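Asker: Quick one: the structure is below, and I'll ask about it shortly.
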Ligand code: SF4
C-alpha cells in the first residue's frame with residue numbers, strides 16, 4: 001500500500017521546535033509499504049525552529065498573533081499533491097496542520113479542543129482516508 005505519513009512521526013526533525021515525534025510502533029506497522037513523507041509546515045516555508053502555531057476561529061496564528069493561514073494553506077496544497085493517490089494517511093495528532101479530531105484551542109496554553117488541522121481538513125474534503133498515530137488498532141485493520 002501507499003501511505004502518507006507526517007514526517008515528524010517518521011523521525012524527521014521538522015517540528016516547530018526542531019524536534020521529532022518518531023513513532024516506532026507506527027514504523028513497524030508500515031514495514032513493506034511505500035511511505036510518502038509530508039510536512040505541511042515545512043512545505044509552507046516555515047523555518048525550523050519557528051514560533052508555535054495554533055488554530056483560532058478557523059485561522060492559523062503564531063503565538064505572537066501573526067495570521068499565517070494563507071501561508072500554511074499553500075504548504076497543505078503542495079503536500080496534497082504528494083499524497084492524493086495514497087491508500088491512507090497517518091497524521092500527527094493535535095497539530096494545527098496534521099491533527100485529526102483534536103487540536104490545541106488557540107490560547108497557547110496547552111488546552112485541546114475538538115477539530116482537525118488545516119491539512120487534515122483539506123485531505124478529508126478530497127475523500128482521503130486518515131488516521132492519527134493514536135489509532136493503531138484501526139490502522140492494523142486497513143493494512
Ligand atoms: S506539520 Fe505535520 S508533519 Fe510537520 S511537524 Fe507538524 S505535525 Fe509533523
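Asker: Could you go through region 69-91 and let me know if any residue there is under 11 Å from the mean Cα position of the chain (by Cα), closer than 21 Å to residue 19 by Cβ, in a loop (DSSP other than H, G, I, E, B) and in contact (Cβ under 8 Å) with a residue 60 or more places away in the chain.
Answerer: No: region 69-91 contains no residue that is under 11 Å from the mean Cα position of the chain (by Cα), closer than 21 Å to residue 19 by Cβ, in a loop (DSSP other than H, G, I, E, B) and in contact (Cβ under 8 Å) with a residue 60 or more places away in the chain.
Asker: Hey, another quick one. Being out of contact with any helix residue (DSSP H, G or I) (no Cβ under 8 Å at 6 or more places or on another chain) and either part of a loop (DSSP other than H, G, I, E, B) or surrounded by 18 or more Cβ atoms within 10 Å (Cβ to Cβ) (or both) is the filter here, so list the residues in region 122-133 that pass it.
Answerer: The answer is 127, 132.
Asker: Taking region 102-120, which residues are over 18 Å from residue 51 (Cα atoms) and either surrounded by 16 or more Cβ atoms within 10 Å (Cβ to Cβ) or within 13 Å of the ligand (Cβ to nearest atom) (or both)?
Answerer: 102, 115, 116, 119, 120
Asker: Something else: Among the residues in region 56-67, are any crowded, with 16+ Cβ neighbours inside 10 Å and within 15 Å of residue 119 (Cβ to Cβ)?
Answerer: yes
Asker: Just one of 71, 12, 94 is closer than 21 Å to residue 137 by Cα and within 13 Å of the ligand (Cβ to nearest atom); which is it? Step through it out loud before you land on a result.
Answerer: Working: 71 fails: closer than 21 Å to residue 137 by Cα; 12 fails: closer than 21 Å to residue 137 by Cα.
It is 94.
Asker: Let me spell it out: the conditions are (1) under 11 Å from the mean Cα position of the chain (by Cα); (2) in contact (Cβ under 8 Å) with a residue 40 or more places away in the chain; (3) in a loop (DSSP other than H, G, I, E, B), and residue 5 meets all of them except one. Which number is the exception?
Answerer: Only one criterion is unmet by residue 5, namely (3).
Taken together, the values in this text are just the output of simple stated rules run on the coordinates, not laboratory data. All figures in this text were calculated on a predicted structure; none of them were measured in a lab. Note that we place each Cβ from the backbone using ideal geometry, even for glycine, and neighbour counts take in every protein chain shown.
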